[in-house]
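Enquirer: Would you mind keeping the following structure in view while I ask a few things?
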Amino acid sequence: MSGDPSPRLADRMERGDVFAPRCPSREILKHVTSSWGTLTLIALLPGTLRFSDLRRRVAGVSERMLSQTLKQLEGDGLVHRRSFPVVPPRVDYALTEQGKQAAVLVQALADWIEDNLPALASGRVND
């Protein structure tokens, strides 16, 4: 149909459609924008961290929640996990290329929130 602004179904399926209830992009969006997901991505932006260092960096996260968050982000292709066969066990986490892109975007949002915190906290946003 000529002039139809809506994308074709095939195009939406290839790209993803976050407004579609069953689109997998919604699950990834949930992982990336959860508070622990966002903080984990930002914490890994400077480089590789061990689990314990990452947990200290993301203050307040439980070991269980961080482990779950890392598994989700790894499953989404945003975090790479590397384990070493040593005693005690050593596991490093780093962002993939797509993870770095996502981390830059959520860091920009976090920076905006911090920059605008006084106005946001008072309920007043300057136009």
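The values are calculated or read from the model by the stated rules, or taken from the named source; none is laboratory data. Computed from a predicted model, the values in this text were never measured in an experiment. Cβ: placed from backbone, ideal geometry, glycine included. Neighbour counts: every protein chain shown.
Enquirer: Among what's in region 96-127 and is of a type in the set (Asp, Glu) and not in a loop (DSSP other than H, G, I, E, B), pick the residue that is nearest to the chain's Cα centre (by Cα).
Expert: Top of the filtered list is Glu97.
Enquirer: While we're on this one: Any idea how many residues of region 74-107 are aromatic (Phe, Trp, Tyr) and loosely packed, with under 14 Cβ neighbours inside 10 Å?
Expert: 1
Enquirer: Taking the residues in region 42-51 that are more than 14 Å from the chain's Cα centre (by Cα) and either free of Cβ contacts under 8 Å to residues at least 40 places away in the same chain or part of a helix (DSSP H, G or I) (or both) as candidates, determine which candidate is surrounded by the most Cβ atoms within 10 Å (Cβ to Cβ).
Expert: Here the answer is Phe51.
Okay, residues lined up against (1) of a type in the set (D, E, K, R); (2) in contact with a helix residue (DSSP H, G or I) (Cβ under 6 Å, 6 or more places away or on another chain); (3) in a loop (DSSP other than H, G, I, E, B):
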| position | (1), (2), (3) |
| --- | --- |
| Ala20 | no, no, yes |
| Arg26 | yes, no, no |
| Thr38 | no, yes, no |
| Asp53 | yes, no, no |
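Enquirer: Does Pro24 fit the bill of being surrounded by 10 or more Cβ atoms within 10 Å (Cβ to Cβ), more than 16 Å from Gln98 (Cβ to Cβ), modelled with pLDDT under 95 and not charged (D, E, K, R)?
Expert: no
Enquirer: Which residues, taken from region 27-36, are in contact (Cβ under 8 Å) with a residue 60 or more places away in the chain and buried (at least 19 other Cβ atoms within 10 Å of the Cβ)?
Expert: Val32
Table: residues versus (1) in contact with a strand residue (DSSP E or B) (Cβ under 8 Å, 6 or more places away or on another chain); (2) in a loop (DSSP other than H, G, I, E, B); (3) of a type in the set (A, V, I, L, M); (4) modelled with pLDDT of 95 or more.
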site: Ala59; (1), (2), (3), (4): no, yes, yes, yes
site: Gln68; (1), (2), (3), (4): no, no, no, yes
site: Gly77; (1), (2), (3), (4): no, yes, no, yes
site: Arg82; (1), (2), (3), (4): yes, no, no, yes
site: Ala94; (1), (2), (3), (4): yes, no, yes, yes
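Enquirer: Val58 - would you say it is out of contact with any His (no Cβ under 8 Å at 6 or more places or on another chain), surrounded by 12 or more Cβ atoms within 10 Å (Cβ to Cβ), β-branched (Val, Ile, Thr) and under 27 Å from Glu114 (Cα atoms)?
Expert: Here the answer is yes, as Val58 does meet what is asked.
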